[in-house]
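J.: Below is one structure. I have some questions about it.
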């Protein structure tokens, strides 16, 4: 495992990390979470991602208890939460000062932690002035409840606005973005965000690296395996995604490239992300120990993705992109 700086920040994150989205509190409970987290930690993972919205807070509750049961020294791992969707009340969502402060406090209670290392604005909030949001996250940091704050799925323009306001008022600007980035979803990360890397030294914690499982090849036969994410009752949007015939044709071509390298499609897809110097860490998901083991092997095959292989992949994926 290699450890990368989170942009210009001094803190280092493992190049592969583990997230709680979909799985914790939905596909499994505490004992399974502990086993998966322990396997990832043993492989060198030091960053675990969560959010107040995941399983309506249950994902944080499970992860927090897992940290406690596993007994790791707090200095040896990083954990994040994301604030936006905290409940059904009129002030339980968004990025108001009130919800950010209350949301972080509630997340820390569920995680049984005194602080999170990273806290993200889970989405932009057009109903709240960016200035209010910047002030609120700075207050969280002043109180020692988080060390760094960032954004998730914000536009570059919104990030630049927040950064400009923070700098003019001697406040901490956001320093990291959590975007979706994978072989099918590239434009924002590679084009729109380019100014963030060059001008701000932004770090990134990228999510959905396998496009909801499609880049594992499990859907290449046109069927949805039982127990997969696309099989979940309220994931109809994912079911439609993985049945997209154009994308399925592309994954089948990508699978041939992976076969030629002697690796799995998932490993190749993760290694492709790790080749990008603007990726600080790739947030993986897993519901089985075998998936942890397979994903971690992506680290070993980065060097197999030579310039020629990268060009071959690029030619395949140009035909289909979100």
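J.: Just wondering, is there one or more residues in the stretch 251-261 that are more than 29 Å from residue 37 (Cα to Cα), at pLDDT below 90 and out of contact with any strand residue (DSSP E or B) (no Cβ under 7 Å at 6 or more places or on another chain)?
T.: The answer is no, given that none of the residues of the stretch 251-261 is more than 29 Å from residue 37 (Cα to Cα), at pLDDT below 90 and out of contact with any strand residue (DSSP E or B) (no Cβ under 7 Å at 6 or more places or on another chain).
J.: In the stretch 310-322, what residues are touching a residue at least 24 places away in the same chain (Cβ under 8 Å) and either in a loop (DSSP other than H, G, I, E, B) or over 26 Å from residue 198 (Cα atoms) (or both)? Working first, answer last.
T.: In the first step, residues of the stretch 310-322 are kept if they are touching a residue at least 24 places away in the same chain (Cβ under 8 Å); the result is 310, 312-313, 316-317, 319-322.
The answer is 312, 316, 319, 320, 321, 322.
J.: Only one residue in 304, 318, 291 is out of contact with any helix residue (DSSP H, G or I) (no Cβ under 7 Å at 6 or more places or on another chain) and more than 27 Å from residue 50 (Cβ to Cβ). Which one? Working first, answer last.
T.: Details: 304 fails: out of contact with any helix residue (DSSP H, G or I) (no Cβ under 7 Å at 6 or more places or on another chain); 291 fails: more than 27 Å from residue 50 (Cβ to Cβ).
Step by step, each of 304, 318, 291 is checked, and only 318 is out of contact with any helix residue (DSSP H, G or I) (no Cβ under 7 Å at 6 or more places or on another chain) and more than 27 Å from residue 50 (Cβ to Cβ).
J.: While we're on this one: Go through (1) farther than 30 Å from residue 195 by Cβ; (2) part of a loop (DSSP other than H, G, I, E, B); (3) modelled with pLDDT of 95 or more and name the single condition residue 26 misses.
T.: (3)
J.: Please specify each residue of the stretch 294-309 satisfying the condition of being assigned to a helix (DSSP H, G or I) and loosely packed, with under 13 Cβ neighbours inside 10 Å. Please lay out each step first, then the result.
T.: Step one: of the stretch 294-309, the residues assigned to a helix (DSSP H, G or I) are 294-304, 307-309.
Scanning the stretch 294-309 gives 300, 303, 307, 308.
This table checks each residue for (1) crowded, with 19+ Cβ neighbours inside 10 Å; (2) at pLDDT 95 or above; (3) closer than 30 Å to residue 39 by Cβ.
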site	(1), (2), (3)
110	yes, yes, yes
117	yes, yes, yes
147	no, yes, yes
164	no, yes, no
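J.: Does the stretch 158-199 hold any residues that are touching a helix residue (DSSP H, G or I) at 6+ places or on another chain (Cβ under 6 Å) and touching a residue at least 60 places away in the same chain (Cβ under 8 Å), and which are they?
T.: Matches in the stretch 158-199: 181, 182, 183, 184, 193.
J.: Could you count how many residues in the stretch 260-270 are buried (at least 23 other Cβ atoms within 10 Å of the Cβ) and either free of Cβ contacts under 8 Å to residues at least 12 places away in the same chain or under 22 Å from residue 78 (Cα atoms) (or both)?
T.: Residues meeting the conditions: 1.
J.: Moving to a separate point now. Somewhere in the stretch 256-277, is a residue part of a loop (DSSP other than H, G, I, E, B) and within 16 Å of the chain's Cα centre (by Cα)? Working first, answer last.
T.: Step one: filter the stretch 256-277 for residues part of a loop (DSSP other than H, G, I, E, B), giving 262-264, 275-277.
If we keep only those that are within 16 Å of the chain's Cα centre (by Cα) too, we end up with 276.
Scanning the stretch 256-277 turns up at least one residue that is part of a loop (DSSP other than H, G, I, E, B) and within 16 Å of the chain's Cα centre (by Cα).
J.: Quick one: in the stretch 21-56, which of the residues that are surrounded by 21 or more Cβ atoms within 10 Å (Cβ to Cβ) and over 17 Å from residue 295 (Cα atoms) is nearest to the chain's Cα centre (by Cα)?
T.: Among those residues, the one meeting the criterion is 50.
The values are calculated or read from the model by the stated rules, or taken from the named source; none is laboratory data. Since this is a predicted model, take the numbers as computed values, not measurements. Don't worry about glycine lacking a Cβ; one is built from the backbone with ideal geometry, like all the others, and counts go over all protein chains shown.
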